[in-house]
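Written below as C-alpha cells is the structure these notes are about.
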Amino acid sequence: MLTQGLVGAAVLLALLAGCLGAEPDAAGMPPATAAPDTAPQTNASAPSAANSRLDLEVVYSGMWSGAYGTRDAIKSNEGFGNATLPLPPDATFVQAEFQKQESTGETLTLRLVRDGTVVKEESGSGPLAVVTLEAPLG
C-alpha cells in the first residue's frame with residue numbers, strides 16, 4: 001500500500017512538472033522556481049537589520065557555560081572552546097553572562113560583533129571567572 005502511494009505521488013509530481021514545463025530532478029521533485037524580487041532597492045552600503053549580522057563570540061579554549069540574549073529572549077548554552085552564537089540582527093539591547101568551568105588563569109572573552117566589527121568586549125581571567133556583557137544597540 002505504501003509503495004502504491006509513493007508511485008502515485010511520483011506520478012503526480014511528474015505531471016505537475018510537465019504542466020509547469022520543467023522536468024523533475026533526480027529525486028522526482030520539480031525544480032525550484034524563484035519568485036521575482038519585488039522588494040524596493042536599497043543602498044547596499046548602508047546595512048539594515050534585514051541583511052545585518054549580530055553575534056556573540058565566546059573566546060576560551062576550555063569549558064564554559066552561560067546565558068545570553070535580548071530583553072525579550074534569553075538562551076542558555078554551554079560548550080568547549082571558541083563559539084559564535086547568533087543574535088537577532090534587530091536587537092536593541094544585548095546581555096550575556098558566561099562562566100569558566102575550570103580553575104585556570106586563561107582569559108574568557110565575550111565579544112559582541114556586528115557585521116565583523118567588535119561592538120563591545122568584556123574579559124575575565126580568574127579561576128572560574130564570570131564575565132558579564134551588556135550593550136544597548138541602536
Item to check | Residue, surrounded by the fewest Cβ atoms within 10 Å (Cβ to Cβ), within region 71-90, restricted to residues that are modelled with pLDDT under 95 and in contact with a strand residue (DSSP E or B) (Cβ under 6 Å, 6 or more places away or on another chain) | outcome: Arg71
Checklist entry - So which pairs qualify, if the first residue must be in region 102-116 and surrounded by 17 or more Cβ atoms within 10 Å (Cβ to Cβ), the second must be among the hydroxyl-bearing types (Ser, Thr, Tyr) and part of a strand (DSSP E or B), the Cβ gap must be under 6 Å, and the two must be at least 6 apart or on different chains? => result Thr109/Ser123
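The values are calculated or read from the model by the stated rules, or taken from the named source; none is laboratory data. Please read all numbers here as calculations on a predicted model, not as lab measurements. Neighbour counts run over all protein chains shown; Cβ positions are idealised from the backbone, glycine included.
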